[in-house]
Every structure is written in C-alpha cells, then in structure tokens.
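Asks: The structure that follows is given in the form of structure tokens.
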Amino acid sequence: MLRSFVAAALFAAASSSALAQDVDAGKRVFNKCVACHAVGPGAANKVGPELNGLIGRKAGSVAGYNYSDANKSSGIVWTEQEFAAYIRDPKAVVKGTKMAFAGLKNDKEIADITAYLKTFAADGKTQ
C-alpha cells in the first residue's frame, strides 16, 4: 500500500513538473506567433491583435483590431484554461474565427507560451 502511494506521488510530481511553465521556452514558442501577433511596449496589431494583458481580457476587445463577429460575440474572458483550449484548436473553440493558425498540440508548449504571455501587462510592460 505504501509503495503504491509513493509511486502515485512520484508520478504526480513528475507530471506537474513536466508541465511546469517556462517563460524562456515560451518566448521561443512565441516565435511561431510573431508573424501575426506582437507583445511588449509599443506592440501594435498586425494580422492578429497585440497580445499584451491577454489573461483576464475579454475576447474581441483590443482597440483598433477588426475581429470576426465570432470572436466579438464568443463571451470568452481569457483565462489560462480558455487560452490553452483556444491555442490548441482555435477554429474548434471559436467557430468563425479569422485566426488561420492550426494550433499548438504540445501541452508543454502551451504551458510555456502561456507563462510568457502572462509576463506582459496590458500596457506591454513586463510584470
């Protein structure tokens, strides 16, 4: 009994550390996004909206970006969980989104890019 408890505890610890968020790795993952999105001071909308202050923001709300009606009316407020689902398969989460990206399928990459994006406040300054 003790042996199975220890094995379960070790598995849980290994699983959670395997998905630990890594900001530096997230910055590298964000290279897949830079053609369409920007972050940081002075970030501007491109093909997609700038992503400063993403977590906690209402979908479809960046000033000056022409969102699809689907994004504007999605009712999503970006949490880590909402973003993870969306970045995995944008068209499945928001039917009618303009986002052409096929999605990130790797859980570690999703955790890392989330950590990276969380470092940017709405004004683009790092937190």
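Asks: Please determine whether any residue of the stretch 77-90 is assigned to a loop (DSSP other than H, G, I, E, B), at pLDDT 95 or above, more than 13 Å from the chain's Cα centre (by Cα) and β-branched (Val, Ile, Thr).
Replies: Checked against the condition, which is being assigned to a loop (DSSP other than H, G, I, E, B), at pLDDT 95 or above, more than 13 Å from the chain's Cα centre (by Cα) and β-branched (Val, Ile, Thr), the stretch 77-90 yields no hits at all.
Asks: Let me ask another. Looking at the stretch 94-111, is at least one residue open to solvent by 20 Å² or more (accessible area, probe 1.4 Å), of a type in the set (A, V, I, L, M) and in contact (Cβ under 8 Å) with a residue 40 or more places away in the chain?
Replies: The answer is yes; a qualifying residue exists.
The values are calculated or read from the model by the stated rules, or taken from the named source; none is laboratory data. This one's a predicted model, so the numbers in the text were calculated from it and none came from an experiment. With ideal geometry, Cβ positions are generated from the backbone for all residues, glycine too; neighbour counts draw on all protein chains shown. To get the accessible areas, we keep the full protein, side chains included, count just its heavy atoms, and leave off ligands, DNA and RNA. Shrake-Rupley method; radii C 1.70, N 1.55, O 1.52, S 1.80 Å.
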